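Report on the following structure.
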């Protein structure tokens, strides 16, 4: 019997590198997906006037990201077939390191316990498509440093990083499906 984590595929990398567009294309193709925590948390916190925002309380923001990712991981068990995640639990550690904040032991424990498929897709920085908005306030420099930080965390946790091509979304979808073998 296949371990569920073997069908949980993470797409990670810095902001503005096309991950969310790719996740949406996979969802449109009929695959189960898990949305990115960051934008969801920002929207919710802004709506309620909450403090867990990356420009207000980065540690609290990271804690909510970790919680969101664990919830997504558990919810994915109800799905049949492959599930594509827009980031995973290790991203919270990468974010904390990027911000030079302490990484709590429970975050490391979560990243070691709640595993994904060994091969993790990483979107390299892509300045030509990078854009800031109300929720993405990072600069391209911070996006590049985020890429490096999350890549380091996934590598330390024993994942194999598979760089996504800098190509149109349809080509990226084909690349992922060729690499993973799933069909909707």
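Structure summary
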{"read-out": "Residue, nearest to residue 177 (Cα to Cα), within the stretch 37-63, restricted to residues that are in contact with a helix residue (DSSP H, G or I) (Cβ under 6 Å, 6 or more places away or on another chain) and in contact (Cβ under 8 Å) with a residue 24 or more places away in the chain", "value": "37"}
{"read-out": "Residue selected from the stretch 116-136 under the condition over 18 Å from residue 18 (Cβ atoms) and in a loop (DSSP other than H, G, I, E, B), by the criterion modelled with the lowest pLDDT", "value": "134"}
{"read-out": "All positions within the stretch 140-156 that are surrounded by 12 or more Cβ atoms within 10 Å (Cβ to Cβ) and either touching a helix residue (DSSP H, G or I) at 6+ places or on another chain (Cβ under 6 Å) or modelled with pLDDT under 95 (or both)", "value": "140, 142, 143, 144, 145, 146, 147, 148, 149, 150, 153, 154"}
{"read-out": "Filter result for the condition that a residue is out of contact with any strand residue (DSSP E or B) (no Cβ under 6 Å at 6 or more places or on another chain), over 22 Å from residue 123 (Cα atoms) and in a helix (DSSP H, G or I), over 56, 74", "value": "74"}
{"read-out": "Tally of residues being part of a loop (DSSP other than H, G, I, E, B) and either farther than 15 Å from residue 149 by Cα or in contact with a strand residue (DSSP E or B) (Cβ under 8 Å, 6 or more places away or on another chain) (or both) across the stretch 99-113", "value": "1"}
{"read-out": "The stretch 2-47, subset part of a loop (DSSP other than H, G, I, E, B) and on the phi > 0 side of the Ramachandran plot, residue surrounded by the most Cβ atoms within 10 Å (Cβ to Cβ)", "value": "16"}
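Residues are listed down the side, and each one gets a yes or a no for (1) surrounded by 14 or more Cβ atoms within 10 Å (Cβ to Cβ); (2) under 17 Å from the mean Cα position of the chain (by Cα); (3) modelled with pLDDT under 90:
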| position | (1), (2), (3) |
| --- | --- |
| 104 | yes, no, no |
| 114 | yes, yes, no |
| 138 | yes, yes, yes |
| 158 | no, yes, no |
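The values are calculated or read from the model by the stated rules, or taken from the named source; none is laboratory data. None of the values given here were measured: they were computed from a predicted structure. Every residue, glycine as well, gets a Cβ built from its backbone with ideal geometry; the counts of neighbours run over all protein chains shown.
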